[in-house]
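Colleague: Okay, handing you the structure first.
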Amino acid sequence: MKDCLDLTAIGATVSVRQNFQPFEARGLVLARVSVVHGEQYRVFTDQGEMQAEAIGALLYRTERSAWPAVGDWVAVQPVGPAAAPEQAMIHAVLPRRTMFSRRAAGDREQEQVIAANIDLALIVCGLDQDFNVRRIERYLTLAHASGADAVVVLNKSDVCPDLPARLSETARIAGGAPVITISARSADGIEPVLRLLGPGTTIALIGSSGVGKSTLVNQLLGVERQPVQEVRASDSRGRHTTTYRELLPLPQGGALIDTPGMREIQLWAGTESLDSAFAEIAELAAGCRYRDCSHAVEDGCAVRAAIEAGDLDPARWQSYAKLRAEIAWHERQTDVHAAQAQKQKWKAIHKAMRVRYKNEGRVK
Ligand SMILES: Nc1nc2c(ncn2[C@@H]2O[C@H](COP(=O)(O)OP(=O)(O)OP(=O)(O)O)[C@@H](O)[C@H]2O)c(=O)[nH]1
Ligand SMILES: [Mg+2]
Ligand SMILES: [Zn+2]
């Protein structure tokens with residue numbers, strides 16, 4: 001266990017404390033989840049960081065999306081000597097303000113929350129061979145779906161031969177999100193990032209492996225807290241150095257969440273978040289003659305007209321169409337599963353009813 005911690009500094013707002021009130025009345029303590037390892041957790045209480053487990057009812061009687069995630073505010077019961085508890089039992093997860101989700105692998109599509117209560121997502125992208133605006137668009141869509149604000153951080157400015165070109169290419173697709181260029185390794189240009197941190201603010205760094213998320217985390221923390229590893233020379237890809245998400249309180253207040261570079265983000269986003277990330281396309285589509293225009297063959301299509309007039313980059317359009325198809329496919333999968341689950345439920349209810357009627361002698 002470490003020293004005492006001011007939970008307000010890491011984001012315990014008035015509304016978090018209000019949501020906690022009924023649990024406080026039951027003698028529980030407010031805590032924030034810093035690490036999730038399967039069914040083992042680490043949490044911060046005002047007495048420091050400690051190991052935690054969730055009570056059975058929380059894991060077995062709820063959907064996976066309701067399980068504690070990094071950044072969650074939870075109600076815990078400390079275990080061990082009152083003055084120095086060593087462990088905690090998580091009894092409840094408080095309502096989330098924002099959440100990043102992905103599709104959990106398994107026999108059915110399930111939403112898995114990977115981080116909660118993030119105020120700002122730093123979408124980190126390398127200015128080396130790994131630079132890819134299409135990937136930034138995916139992360140921006142995820143950020144919109146989460147409810148958090150987003151800032152795009154273009155890192156490794158020291159190895160970029162044409163910074164202005166990269167910057168304008170990114171600004172064109174960022175949909176108004178600020179774009180900052182830095183060199184995390186030398187700390188060059190990181191002042192605007194430092195200004196984003198502050199008491200109460202939770203910032204998550206997301207982006208592919210090797211873009212320099214942990215290098216930036218170490219710069220912002222002022223200590224070499226996170227391991228960092230060279231990227232492959234051939235294509236600048238990372239080596240998946242960070243292996244788990246962790247919430248790290250900052251000395252000046254606020255908290256950072258370092259995340260492992262995700263090999264592939266399986267979007268858990270709705271079409272609304274796509275329309276926020278691609279606002280100019282949504283706006284154009286509103287001007288199509290037909291409300292359900294597929295923007296493929298219809299007359300009076302404002303989207304195709306914009307592409308033909310050179311006002312909309314065809315690659316941007318393709319990116320949108322690809323993400324839209326992906327989201328629609330997942331939504332159908334989820335519907336199929338929801339329908340199957342519903343059918344199973346009714347089957348069970350009817351079976352229970354038959355048994356009851358039989359016992360009551362109504363069915364021979
Ligand atoms: N040239 C240059 N290299 C950098 C910069 N920032 C980070 N790197 C290097 O990029 C490599 C990967 O950095 P990490 O911080 O481990 O990347 P990461 O995003 O945390 O990667 P994962 O943990 O695998 O997701 C390391 O060799 C860093 O030294 C930079 O500003 N310029
Ligand atoms: Mg890392
Ligand atoms: Zn159209």
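The values are calculated or read from the model by the stated rules, or taken from the named source; none is laboratory data. The shown structure was predicted, so the numbers you read here are calculated from the model rather than taken from an experiment. Here the Cβ positions follow ideal geometry from the backbone for every residue, glycine too, while neighbour counts run over all protein chains shown. Each accessible area value is taken on the protein alone, full model and side chains, heavy atoms only, with ligands, DNA and RNA left out. Shrake-Rupley method; radii C 1.70, N 1.55, O 1.52, S 1.80 Å.
Colleague: Considering each residue of the stretch 50-72, count those that are at pLDDT below 95 and among the acidic types (D, E), and give that number.
Modeller: Of the residues in that region, 1 qualify.
Colleague: Give me the pairs: first residue in the stretch 184-213 and free of Cβ contacts under 8 Å to residues at least 60 places away in the same chain, second residue open to solvent by 20 Å² or more (accessible area, probe 1.4 Å) and acidic (D, E), beta-carbon distance under 9 Å, and six or more apart or on different chains, which are they?
Modeller: R185/D158; S186/D158; D188/D158
Colleague: How about the stretch 31-57: which of its residues are within 11 Å of V76 (Cβ to Cβ), open to solvent by less than 10 Å² (accessible area, probe 1.4 Å) and either in contact with a helix residue (DSSP H, G or I) (Cβ under 7 Å, 6 or more places away or on another chain) or not basic (K, R) (or both)?
Modeller: A31, V33, Y41, V43, T45, M50, A52
Colleague: I'm checking my understanding of the structure. Among residues of the stretch 76-108 that are surrounded by 12 or more Cβ atoms within 10 Å (Cβ to Cβ) and of a type in the set (G, A, S), which one is modelled with the lowest pLDDT?
Modeller: The residue in question is A104.
Colleague: Same structure, new question: So how many residues does the stretch 226-244 have that are out of contact with any Pro (no Cβ under 7 Å at 6 or more places or on another chain), of a type outside the set (A, V, I, L, M, F, W, C) and within 11 Å of ligand 2 (Cβ to nearest atom)?
Modeller: 5
Colleague: Only one of these is of a type outside the set (S, T, N, Q), within 14 Å of ligand 1 (Cβ to nearest atom) and on the phi < 0 side of the Ramachandran plot: A204, A145. Name it.
Modeller: Exactly one residue qualifies, and that residue is A204.
Colleague: Which of the residues belonging to the stretch 261-285 are modelled with pLDDT of 80 or more, under 17 Å from N132 (Cα atoms) and not hydrophobic (A, V, I, L, M, F, W, C)?
Modeller: G261, the sole residue that qualifies.
Colleague: Suppose we filter the stretch 216-238 for residues that are under 14 Å from V193 (Cβ atoms) and open to solvent by 40 Å² or more (accessible area, probe 1.4 Å); how many remain?
Modeller: Residues flagged as under 14 Å from V193 (Cβ atoms) and open to solvent by 40 Å² or more (accessible area, probe 1.4 Å) within the stretch 216-238 amount to 2.
Colleague: Please pick out the residue among G310, G210 that is out of contact with any Gly (no Cβ under 7 Å at 6 or more places or on another chain) and either part of a loop (DSSP other than H, G, I, E, B) or more than 16 Å from ligand 2 (Cβ to nearest atom) (or both).
Modeller: G310
Colleague: Of all residues being acidic (D, E) and in contact (Cβ under 8 Å) with a residue 60 or more places away in the chain in the stretch 109-149, which is surrounded by the most Cβ atoms within 10 Å (Cβ to Cβ)? Just the residue, please.
Modeller: E137
Colleague: In the set P161, P192, P199, which member is open to solvent by 10 Å² or more (accessible area, probe 1.4 Å) and assigned to a helix (DSSP H, G or I)?
Modeller: Step by step, each of P161, P192, P199 is checked, and only P192 is open to solvent by 10 Å² or more (accessible area, probe 1.4 Å) and assigned to a helix (DSSP H, G or I).
Colleague: Of the residues that sit in the stretch 243-260 and are modelled with pLDDT of 90 or more and of a type in the set (S, T, Y), which one is nearest to ligand 1 (Cβ to nearest atom)?
Modeller: Top of the filtered list is T259.
Colleague: Filter the stretch 258-317 down to residues that are open to solvent by 40 Å² or more (accessible area, probe 1.4 Å), in contact (Cβ under 8 Å) with a residue 24 or more places away in the chain and among the hydroxyl-bearing types (S, T, Y), then give me how many there are.
Modeller: Summing the residues that are open to solvent by 40 Å² or more (accessible area, probe 1.4 Å), in contact (Cβ under 8 Å) with a residue 24 or more places away in the chain and among the hydroxyl-bearing types (S, T, Y) in the stretch 258-317 gives 2.
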